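Structure record follows, encoded as structure tokens.
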Amino acid sequence: MKIISPVDHRDEAQGLLDAGADELYGGFVPPDWEVKFGMAASINQRTFAAAQIGSFEDLAAIVALAHERGRTFSLTLNAPFYDQAMLPDLLAYVDEALAVGVDAVILADLALLRLLARRHPDLELHASTLAHLGNSEAVRFFQAQGVRRVVLPRHLSVAEMAAIVREVPGLRFDAFMLVGKCPNTEGLCTFHHTSPDRIWPCEIPYEITPLHEPASPQLQAAMARQGGWATTNRRHGCGLCAIPHLAAAGIYGLKLVGRGAPTAQKIKNIQLVRRFLELAETQPDFAAYRSLARKAHAQRFGSPCSPNVCYYPEFYEAE
């Protein structure tokens, strides 16, 4: 499986590739986008500078470096939707990005997908997790519009992913690994990552109380889950235990989260996933493999595993 890492500036690209990233992805805001549309209308689901490549020149340099190393770069244009006035700017922006060798575009908006598929028939188009493709029929529809690769939503189990991969041959599929476990279903979420302190709306604590007693078993479970979020850090999201099962399911790429994160953290994440990809090929005993993964999680994040931050909780077992 390929390791797919975010990149936010040209100075970190070499280190990410040296650490073992097979592919890079990132976003860049054209200079006039904020003037015309405002940053609240995010071009790529991030509105703070640390999560954006700083200039077109930097974008070109990152792409060139990736190509020199035999790797690829995908441009994020993954807002759930764009309005009509934005489409001409987006098409011109992609034209310019392709001129410097961008290999693929990660997107969610159906109109942009169809326009780019006609305008650039050889361009590899990836359906973002924001496209919310949670079943094989949704994937087939996007495939018919020109998508060649799909980032599967975070809330799916490995068994559900495996079923989609089986049902839709001919596409490549990516799954999330480290870090940033999101408590929401992203394709249905309208929160913006705009806080300069990087505290997102989904992290604001709140309590659920029943309107009438006794609470139903379903509501009791929801109350327990919500209360548990206060005891864990979603930035400790991990899926190391699932790597052997993701490989068996036919997943092509492991997508690391962390646009806007410090370079050192990105490098640690790449190295950790690379280590466990290799271990998955040499350690046939899954119990032993999982034990090592749990220890690695505790060492990396300084906290024990929790189902709250486990990307694939079907493989979680308390110790």
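The values are calculated or read from the model by the stated rules, or taken from the named source; none is laboratory data. Note that the structure is a prediction, hence the values are computed from the model and not measured. Quick reminder, even Gly has a Cβ in these numbers, built from the backbone with ideal geometry, and neighbours come from all protein chains shown. Ligands, DNA and RNA are excluded from the accessible area calculation, which covers all protein heavy atoms including side chains. Shrake-Rupley method; radii C 1.70, N 1.55, O 1.52, S 1.80 Å.
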Worksheet entry | Residues of segment 61-88 satisfying the condition of being open to solvent by 30 Å² or more (accessible area, probe 1.4 Å) and closer than 27 Å to residue 111 by Cβ | 72, 80, 81, 83, 84, 85, 88
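Please state which one of 249, 264 is modelled with pLDDT of 95 or more, more than 30 Å from residue 9 (Cα to Cα) and under 23 Å from the mean Cα position of the chain (by Cα).
Result of the check over 249, 264: 249.
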Worksheet item: Quick check: is even one residue across segment 36-55 open to solvent by less than 40 Å² (accessible area, probe 1.4 Å), free of Cβ contacts under 8 Å to residues at least 24 places away in the same chain and aliphatic (A, V, I, L, M)?
Response: no
Fill in: Within segment 125-165, tally of residues that are open to solvent by less than 50 Å² (accessible area, probe 1.4 Å) and within 21 Å of residue 76 (Cβ to Cβ)
22
Discussion item. On the basis of being modelled with pLDDT of 95 or more, within 25 Å of residue 310 (Cβ to Cβ) and among the aromatic types (Phe, Trp, Tyr), does residue 142 make the cut?
Written reply: no
Worksheet entry | Condition met for residue 234 (open to solvent by less than 60 Å² (accessible area, probe 1.4 Å), modelled with pLDDT under 85 and under 27 Å from residue 3 (Cβ atoms)) | yes
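Hey, can you tell me all the residues within segment 83-114 that are part of a loop (DSSP other than H, G, I, E, B), at pLDDT 95 or above and over 22 Å from residue 62 (Cβ atoms)?
108, 109
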Worksheet item: Is it fair to say residue 225 is open to solvent by 60 Å² or more (accessible area, probe 1.4 Å), modelled with pLDDT of 95 or more and either basic (Lys, Arg) or not in a helix (DSSP H, G or I) (or both)?
Response: no
Item to complete: Quickly run through segment 42-58 and pick out the residues that are within 22 Å of residue 82 (Cβ to Cβ), part of a helix (DSSP H, G or I) and not small (Gly, Ala, Ser).
Response: 56
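Matching residues to (1) farther than 18 Å from residue 151 by Cβ; (2) within 16 Å of the chain's Cα centre (by Cα):
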site	(1), (2)
76	no, yes
84	yes, no
88	yes, no
96	yes, no
110	no, no
116	no, no
122	yes, no
133	no, yes
